[in-house]
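Undergrad: Below you'll find the structure I mean.
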Amino acid sequence: MTDIEFNNELIKLKSDLQRFAFKLTKNRDDAEDLVQETYLKVIVGKESFNGVNLKAWVSTILKNNFINNYRTNQRHGVRVDEYPNIVGDKGDISPDSCYQEKELEKLVECLTPKFRTPFKMYLEGWKYREISEKLGIRMGTIKGRIHFARKKLIKSMNHDNTNRTFRTI
């Protein structure tokens, strides 16, 4: 594929990339910034493209840019939101989903500290290795605790949706 063909195909993907970026960021300006940053990385690294599926390759770069930006913001104390799946404005989030988020936060607080601490650090964007180093616990143990925290939360959420009392889990 020539440079001109590559650039033309890349331009054709713009609307799809903007939709995908907006879905991730929930903010038009942030989505536009993310698309521009992705275009820059794609153009600089086009030699890495294997020629098979440009849309998938560019979408992966966009998603990875979003994740890296989110983690960087978390490390530098920029609070985007409590959970990475709900980023940006909360104007279009229903009251039910806000209620569910608060219920989930209560459940997380009910985890014993040995599960709660690594789980919350993971939600904040810390990598397994970073959590392991910070807490002085082996990485395999950290992965296990985060896994079991998820399982406990799912079990608690499914166990009895009508029971609103929370206990340490």
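The values are calculated or read from the model by the stated rules, or taken from the named source; none is laboratory data. All of these numbers come straight from a predicted model, not from anything done at the bench. All Cβ positions, glycine included, derive from the backbone under ideal geometry; neighbour counts span all protein chains shown.
Undergrad: Tell me whether region 43-54 contains one or more residues that are assigned by TED's automatic domain parsing to the domain that holds Asn69 and closer than 22 Å to Asn73 by Cβ.
TA: So far as region 43-54 goes, no, none of its residues is assigned by TED's automatic domain parsing to the domain that holds Asn69 and closer than 22 Å to Asn73 by Cβ.
Undergrad: Might you let me know whether region 31-41 holds any residue that is crowded, with 16+ Cβ neighbours inside 10 Å, β-branched (Val, Ile, Thr), at pLDDT 90 or above and more than 15 Å from the chain's Cα centre (by Cα)?
TA: There is at least one residue in region 31-41 that is crowded, with 16+ Cβ neighbours inside 10 Å, β-branched (Val, Ile, Thr), at pLDDT 90 or above and more than 15 Å from the chain's Cα centre (by Cα).
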